[in-house]
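Working notes, structure below.
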Amino acid sequence: MNQKIALITGATAGIGYETALLLAQNNYDLILTGRRKDRLDALENKLKSSFTCKIITLNFDIRIKTETEDALNSLPDEWKAIDLLLNNAGLAAGLAPINSADVDDWERMIDTNVKGLLYTSRIVSTWMIERQKGHIINISSIAGRESYPNGSVYCGTKHAVEAISRAMRIELLPYGIKVTTLSPGAVETEFSVVRFRGDQERADQVYKGFKPLSPKDVAETILFISSRPPHVNIDDLLILPTSQGSARDIFRK
Ligand code: NDP
Ligand code: 8X3
């Protein structure tokens with residue numbers, strides 16, 4: 001085994017995928033999760049052919065409590081010594097006002113972004129408490145600090161992540177466990193394609209006329225956060241593209 005173990009939820013795309021690549025280069029063994037098994041297998045092969053790290057992939061839907069519990073509890077004991085948990089799996093579904101938004105979209109966002117994060121954190125924090133060490137990084141969003149029209153529930157889920165994160169931070173203080181809230185602005189990933197149900201043209205409009213963050217920019221920030229000395233915790237960090245000043249203020253040329 002390498003010296004450190006990281007568990008990344010939602011490693012099949014975007015921020016989670018890039019973070020897996022970067023942590024593999026930085027002496028982490030990795031537990032990688034997601035629903036798309038073909039992508040998990042491809043990532044595992046890529047990492048194993050390029051780096052010396054060990055990999056376990058767990059293919060489950062984080063919205064389903066029993067699937068999440070069974071997958072995590074199936075880990076061999078030596079893999080439960082997780083140093084870094086990146087609660088990253090998440091999505092926005094739709095962009096619509098309160099009176100006409102799709103209720104199923106609300107369920108997907110709440111179940112993934114809030115309940116999935118909670119199911120995972122409950123189990124992994126128990127293991128961290130036993131070892132009196134660990135670091136949990138919760139991916140929130142600028143939408144966790146501001147609300148924008150037609151995004152009530154996505155913004156609501158990310159505000160919940162911020163609140164949960166702050167409480168976790170205090171609850172886990174006695175055990176020396178670090179908790180960080182990391183809130184990105186616009187990052188060009190599959191996020192908008194998912195939000196607009198596969199409409200690539202509409203997704204492209206989101207990033208038009210300015211340079212958004214890349215998932216690698218966020219991965220590098222995660223590596224920085226996770227490599228601070230034991231007495232330093234990056235508590236709460238907002239990272240935005242230079243052209244973005246708030247959730248709704250993006251300077252486009
Ligand atoms: P992507 O769509 O590129 O990646 C999302 C990841 O989450 C995928 O690996 C996906 O895996 C996983 N995921 C989604 N739903 C589930 C589920 N039910 N069970 C298990 N895994 C799931 O988006 P990003 O990389 O951009 O998003 C990562 C995080 O960053 C999210 O929490 C998002 O809210 C947040 N964020 C994104 C921003 C952006 O502008 N892109 C800005 C701020 C925050 P699979 O589909 O294989 O299950
Ligand atoms: C993703 C960024 O502004 O689309 O969390 O909500 S935003």
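The values are calculated or read from the model by the stated rules, or taken from the named source; none is laboratory data. Small disclaimer: the values here were computed from a predicted structure and weren't measured. In this analysis, Cβ positions are derived from the backbone assuming ideal geometry, glycine residues included, and neighbour counts consider all displayed protein chains. The area values use the complete protein model at the heavy-atom level, side chains included, leaving out ligands, DNA and RNA. Shrake-Rupley method; radii C 1.70, N 1.55, O 1.52, S 1.80 Å.
Loop-located chymotrypsin sites (Phe, Trp or Tyr not before Pro) across region 46-88 with a Cβ neighbour count of 13 or fewer within 10 Å are lacking, with loop assigned by DSSP.
Note on Ser50 and Ser74: the extension gain reaches 6.0 nm, defined as 0.36 nm multiplied by sequence separation minus the Cα-Cα distance.
The trypsin sites (Lys or Arg not before Pro) found in region 142-185 include none that occupy coil by DSSP while having at most 16 further C-beta atoms within 10 Å. Region 1-50 and region 182-253 have Cα centres lying 20 Å from one another. Summing Cβ point charges (Lys, Arg +1; Asp, Glu -1) relative to the Cα centre of the chain gives a dipole of roughly 440 debye.
Estimated purely from DSSP H runs of n ≥ 4, each contributing -39500 (n - 2.57), the mean residue ellipticity at 222 nm for the chain is -12000 deg cm²/dmol once divided by its residues.
Using a 1.4 Å probe on the protein heavy atoms, what percent of the accessible area of region 4-239 belongs to carbon and sulfur?
On the way: 5430 of 10590 Å².
Result for region 4-239: 51 percent of the exposed heavy-atom area is carbon or sulfur.
Explain nothing, just the number: relative contact order of region 153-232, from Cα pairs under 8 Å at least 6 residues apart, as a whole percent.
Numbers: 37 pairs, mean separation 17.2, N = 80.
Taking the mean separation of contacting Cα pairs over the length of region 153-232, I get 22 percent.
Which entries of Lys211/Lys253; Lys115/Lys158; Lys54/Lys80; Lys37/Lys158; Lys65/Lys115; Lys158/Lys216 show an alpha-carbon separation above 18 angstrom in the structure shown? Show your work: numbers first, answer last.
Working: Lys211/Lys253 10 Å; Lys115/Lys158 12 Å; Lys54/Lys80 14 Å; Lys37/Lys158 27 Å; Lys65/Lys115 8 Å; Lys158/Lys216 21 Å.
Listed pairs above 18 Å: Lys37/Lys158; Lys158/Lys216.
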